[in-house]
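These notes concern the structure reproduced below.
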Amino acid sequence: MTLYIGREASKLWKRICSETTTEINLLLDNWKYLLAGLIFQYIHGLAARGVHYLHRPGPTLQDLGFYILPELGQDKAYISETVFTFVFLSFLLWTFHPFIFKSKKIYTVLVWCRVLAFLVASQILRIITFYSTQLPGPNYHCREGSKLARLPKPESVLEVLLINFPRGVIYGCGDLIFSSHMIFSLVFVLTYQKYGTRSFIKHFAWLVAIVQSLLIVASRKHYTVDVVVAWYTVNLVVFFIDKKLQELPDRSSGSSPMLLPLSTKDKDGKTKEENHKLLNGNSVDPADWRPRTQVNGKIQEDGNGIHDTAMNGA
């Protein structure tokens with residue numbers, strides 16, 4: 001038993017080291033995209049903080065979802081946050097599963113480049129919408145009489161740039177017409193729908209997304225239209241951007257990292273190496289060991305070519 005555990009631990013460690021090397025190489029090629037996506041997450045938070053200064057509390061708008069779904073109450077607002085945290089952490093752990101499991105389909109760096117592209121595009125649309133029209137927030141801290149409903153004029157630029165994280169993010173107001181939580185959740189679900197391998201998890205993920213939508217409305221964190229807009233907009237964004245991006249290499253067939261697309265520099269280097277081997281009379285690939293004979297200064301692929309040349313000469 002001890003020998004078996006030691007052997008499996010050794011295999012796991014080798015797998016982690018191998019995957020780490022592969023992902024570091026991918027990171028060196030794609031770090032700019034990841035950094036740009038992470039920086040935009042801060043810009044999105046800064047934009048949400050900015051619109052809070054413009055927010056003016058008022059009567060809650062008439063909403064069909066508020067009539068249908070019972071109000072959870074301020075003391076149960078944590079339920080929707082708990083569901084979102086579960087979705088976020090589950091997806092995060094799944095993207096790192098290639099480091100642990102032998103069966104894998106994705107590369108962590110590449111899938112996060114794709115996810116961040118979806119998020120950035122959706123968040124740009126979200127910023128445009130909540131700066132175009134400011135609505136009175138339905139959340140409890142955004143209603144009339146709450147001290148958090150209006151932000152006093154900032155005393156310095158630094159106060160705005162720091163966005164009072166995380167309190168300023170949790171107790172924001174005015175960033176409506178597009179639910180931020182639903183953007184993240186739907187992007188995660190759609191990504192797993194395409195690259196995940198477990199059918200029952202895919203069905204469960206969609207069910208959780210629907211439950212979260214209902215909880216957001218029941219918690220009065222967003223109007224129903226915010227959730228509805230997120231559902232069809234995020235799906236459209238993912239659909240069109242996914243068609244524009246290069247498809248990720250599939251690892252489910254057990255292909256090695258060397259099958260990743262080479263950069264132009266690597267291709268040029270490989271071509272030079274192949275030409276050098278040919279000039280020295282060496283074969284490039286063992287699978288390409290075919291007899292080559294020189295006749296009248298020309299390289300013939302096989303004996304048939306030599307026979308034809310001799311017949312023509314006769």
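The values are calculated or read from the model by the stated rules, or taken from the named source; none is laboratory data. For clarity, every value in this text was computed on a predicted model and none was experimentally measured. Note that each Cβ is placed from the backbone with ideal geometry, even for glycine, and that neighbours are counted across all protein chains shown. The protein model used for the area step is the full one, side chains on, heavy atoms only, and it has no ligands, DNA or RNA in it. Shrake-Rupley method; radii C 1.70, N 1.55, O 1.52, S 1.80 Å.
Of note:
- Calculated on the Cα set of region 107-202, radius of gyration then Dmax: 17.2, 53 Å.
- Rolling a 1.4 Å probe across the protein heavy atoms gives region 122-212 an accessible surface of 54 Å² per residue.
- Amide H contacts of residue 163 (H built 1.01 Å from N, under 5 Å, at least 5 apart or other chain): none
- Counting protein heavy atoms only, region 109-162 has 65 percent of its accessible area on carbon and sulfur, 1.4 angstrom probe.
- Relative contact order of region 20-170, pairs being alpha-carbon contacts under 8 Å that are 6 or more residues apart, as %: 45 percent
- Unit charges on C-beta of K, R, D, E only; dipole of region 150-234, Debye: 260 debye
- Carbon + sulfur, % of accessible area of region 1-95 - ligands and nucleic acids excluded, 1.4 Å: 69 percent
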